[in-house]
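**Q** Sharing a structure with you now.
The values are calculated or read from the model by the stated rules, or taken from the named source; none is laboratory data. If you're wondering where the values come from, they're calculated on a predicted model, not measured in any experiment. As a convention, Cβ positions derive from the backbone with ideal geometry for all residues, glycine included, and neighbour counts pool all protein chains shown.
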Amino acid sequence: MYKNHPTFIQPDNEDIKIWRYMDFTKFISLIDTKRLFFTRADKFDDPFEGSWPKINVEARKYAPEDLNDEQKE
């Protein structure tokens, strides 16, 4: 059973399936430990995974100077 969380919008169709492929040992680990495993981003095969798109990098050059770092993101 699950509880609704105020941050996440529930889908209209609660029977919708979400597919994620993983090997059997990772699946068993997920069930056994009841924890998710996330690979470090620097270990991904794609060197651009997690990087900013060029348009965002360019737009940051024009951020107002009076914003702090948190507001610029």
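**Q** Checking M22 against (1) surrounded by fewer than 10 Cβ atoms within 10 Å (Cβ to Cβ); (2) in a loop (DSSP other than H, G, I, E, B), which single condition isn't satisfied?
**A** (1)
**Q** Could you list, ordered by first residue, the pairs with Cβ atoms under 8 Å in which the first is in segment 46-73 and modelled with pLDDT under 70 and the second is of a type outside the set (K, R), at least 6 apart or interchain?
**A** K72/A63
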